[in-house]
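The values are calculated or read from the model by the stated rules, or taken from the named source; none is laboratory data. This is a predicted model, so every value here is computed, not measured. We place every Cβ from the backbone using ideal geometry, glycine too, and count neighbours over all the protein chains shown.
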Amino acid sequence: MWQDIEQNGVQAVVARISDAEAIEMTERYGSHNYHPLPVNIVRAKGVYAYDGAGKQYIDCIGCYSAVAHGHLSEFVCETARRQLDKVTLVSRAMYTTELALLLKTVCEYTGMEMACPMNTGAEAVETAIKLARKWAYTIKRVPQDKAEIIVAAENFHGRTTTIVGFSSEPQYKQDFGPFTPGFITVPFGDIEAVERAMTPNTAAVLMEPIQAEGGIIFPPDGFMARLRKLCDANNVLLIWDEIQTGFCRTGKPFAWQFEDAKPDMICLGKALGGGLFPVAAVAGSREALSVFKPGDHGSTFGGNPLASVIAIAAMAELQTSNLAENSARMGARLADAFRNIGSEKVLDVRGRGLLVGLEVKEGVDTAELSSRFIEQGLLTKETRHRTFRFAPPLVIDAATVDEIAAKTKAALQ
């Protein structure tokens, strides 16, 4: 095999593997920590993906909001190609111009003062947790090892052992303990519960503005703004996890902007990588991020030159292509079309921008419905609570939105 790969290239070897062989090979050699749809994607462009037989699918998963720019954005891909001929990986033992520009661009895009680059969303959340705790001890003067962080039930912030330790989803925690203490869980959207949970040892409140993995769940109107005021009144950091909801997914650059709820720190990822590369970061106030000193935290690949230019290009394309506005318009069109389907199987439609959840009633065979979606050429997966998530690339047009609605209606029938 090695000689075949060296002589002919990886792509040539990949091209000889059938869809069925790829699925069988994955199941045999890969750990079973995912349950994929029975679809093998061999190429993709824009909002479309294709299997080895040439069948076309509309990608409504969008890599869980990571493919915001569409598959293989020409501008982002060309940016990456040019960087491949220059320099791709330099440790943080040196400076690079690419990282310098990334940090400045992230701060300008988010309205924050400083940023810390990572690779994945879970790393960004872990970074924010460390920052919040050190801020609590060095700035707020919480007694050592007594800092608490308030989180929401039904949250999803990643898969590390620290993060799953404060999840309320049993499977995420089963057999992975013991877990890190210091997290207080309250019902999502309950401002009174947050206030009751606050103590002099509270370092931060860490929440998603919309619970995407939890089933496209929204807090009550005004909750985010009230939470901002509550944190200010109690000298507590507000941290929004916008890894899935950020970068125009909800029709604004960030979901917190629907209310007066600017955070002290924001966790970024997914779409920051332009659909090409894992790029993540924490951005925040100078007071919060300045607590890190050399040796406190690090990442071998975090902020590498290739990742940096890809992320810069990704943010630039969001701005120049006005993808926030397109997300708002197309998302409203999709949600309205779902509400007008008229199927007795549909319980609720929830959405903001191109983050739309279609919840079916108890008793609907969601496995069968998932198969019908595949037959119709739609890629979507069920989240918790019988909700199918529709998060297509933000470059989608009205005709394709209408096609999604028509195919969804056919699948439900």
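Residue-by-condition table, conditions (1) farther than 18 Å from F247 by Cβ; (2) at pLDDT 95 or above:
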site: T88; (1), (2): yes, yes
site: R92; (1), (2): yes, no
site: A100; (1), (2): yes, yes
site: T120; (1), (2): no, yes
site: A128; (1), (2): no, yes
site: A132; (1), (2): yes, yes
TODO: Give V364, V349 a once-over and let me know the one that is free of Cβ contacts under 8 Å to residues at least 24 places away in the same chain, in a strand (DSSP E or B), of a type outside the set (D, E, K, R) and not assigned by TED's automatic domain parsing to the domain that holds P253.
DONE: V349
Task: Every residue from segment 53-73 that is on the phi < 0 side of the Ramachandran plot and either crowded, with 18+ Cβ neighbours inside 10 Å or in the same structural domain as A313 (by TED's automatic domain parsing) (or both) - done: Y57, I58, D59, C60, I61, A66, V67, A68, H69, H71, S73
- [ ] Would you mind stating whether E375 is among the acidic types (D, E), touching a Phe, Trp or Tyr at 6+ places or on another chain (Cβ under 9 Å) and not assigned by TED's automatic domain parsing to the domain that holds C248?
- [x] no
Task: Test: residue in segment 262-269 that is in contact with a helix residue (DSSP H, G or I) (Cβ under 6 Å, 6 or more places away or on another chain), farther than 23 Å from E108 by Cα and at pLDDT 95 or above - done: no
Open item on the list: Among the residues in segment 81-90, are any of a type outside the set (A, V, I, L, M), surrounded by 14 or more Cβ atoms within 10 Å (Cβ to Cβ) and not assigned by TED's automatic domain parsing to the domain that holds T380?
Closed with: yes
TODO: Filter segment 291-340 down to residues that are among the aromatic types (F, W, Y) and under 18 Å from M114 (Cα atoms), then give me how many there are.
DONE: 1
Open item on the list: I'd like the full set of residues that are within 24 Å of G274 (Cα to Cα) and among the aromatic types (F, W, Y), limited to segment 362-387.
Closed with: none
TODO: Exactly one condition in (1) surrounded by 15 or more Cβ atoms within 10 Å (Cβ to Cβ); (2) in the same structural domain as V279 (by TED's automatic domain parsing) is not met by A44; state its number.
DONE: (2)
Task: Residue within segment 284-292 that is in the same structural domain as V205 (by TED's automatic domain parsing), under 20 Å from the mean Cα position of the chain (by Cα) and not hydrophobic (A, V, I, L, M, F, W, C) present - done: yes
- [ ] Could you please tell me which pairs satisfy a Cβ distance under 8 Å, a separation of 6+ or placement on different chains, a first residue in segment 239-257 that is farther than 17 Å from A152 by Cα, and a second residue that is in a loop (DSSP other than H, G, I, E, B) and of a type in the set (D, E)?
- [x] F254/E242
Task: Of all residues making up segment 162-177, the number that are more than 17 Å from Q211 (Cβ to Cβ) and of a type in the set (S, T, Y) - done: 1
TODO: Please enumerate the residues belonging to segment 361-385 that are at pLDDT 95 or above and touching an Asp or Glu at 6+ places or on another chain (Cβ under 7 Å).
DONE: T366, S370, L379
Task: Candidate set: segment 248-265, residues that are under 17 Å from the mean Cα position of the chain (by Cα) and among the charged types (D, E, K, R); chosen: the one nearest to K229 (Cα to Cα) - done: K252
Task: F254 of a type in the set (F, W, Y) and touching a Pro at 6+ places or on another chain (Cβ under 9 Å) - done: yes
TODO: Could you tell me whether any residue of segment 389-409 is in a helix (DSSP H, G or I), without any contact (Cβ under 8 Å) to a residue 24 or more places away in the chain, outside the structural domain of A283 (by TED's automatic domain parsing) and surrounded by fewer than 24 Cβ atoms within 10 Å (Cβ to Cβ)?
DONE: yes
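Return the residue satisfying two criteria in turn: it lies in segment 222-235 and is in contact with a helix residue (DSSP H, G or I) (Cβ under 8 Å, 6 or more places away or on another chain) and free of Cβ contacts under 8 Å to residues at least 40 places away in the same chain, and of such residues it is farthest from A391 (Cα to Cα). Quick ask: steps written out before the conclusion?
The initial filter retains those residues of segment 222-235 that are in contact with a helix residue (DSSP H, G or I) (Cβ under 8 Å, 6 or more places away or on another chain), namely 223-224, 226-227, 230, 235.
Filter again for free of Cβ contacts under 8 Å to residues at least 40 places away in the same chain, leaving 223-224, 226-227, 230.
Working: F223: 24, M224: 23, R226: 28, L227: 27, L230: 32 Å.
So the residue we want is L230.
Sort out which residues of segment 258-296 are touching a Phe, Trp or Tyr at 6+ places or on another chain (Cβ under 6 Å) and in a loop (DSSP other than H, G, I, E, B), and write them in order of number.
Within segment 258-296, the subset touching a Phe, Trp or Tyr at 6+ places or on another chain (Cβ under 6 Å) is 263, 266, 271, 288, 291.
Matches in segment 258-296: P263, V291.
Okay, residues lined up against (1) crowded, with 24+ Cβ neighbours inside 10 Å; (2) at pLDDT 95 or above; (3) in the same structural domain as I396 (by TED's automatic domain parsing); (4) more than 18 Å from the chain's Cα centre (by Cα):
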site: H297; (1), (2), (3), (4): no, yes, no, yes
site: F301; (1), (2), (3), (4): no, yes, no, yes
site: P305; (1), (2), (3), (4): no, yes, no, yes
site: I310; (1), (2), (3), (4): yes, yes, no, no
site: M315; (1), (2), (3), (4): no, yes, no, no
site: N326; (1), (2), (3), (4): no, yes, yes, yes
site: R329; (1), (2), (3), (4): no, yes, yes, yes
site: A332; (1), (2), (3), (4): no, yes, yes, yes
site: A335; (1), (2), (3), (4): no, yes, yes, yes
Open item on the list: Just to check your reading of the model, which residue among R386, R339 is under 25 Å from the mean Cα position of the chain (by Cα) and of a type in the set (K, R)?
Closed with: R386
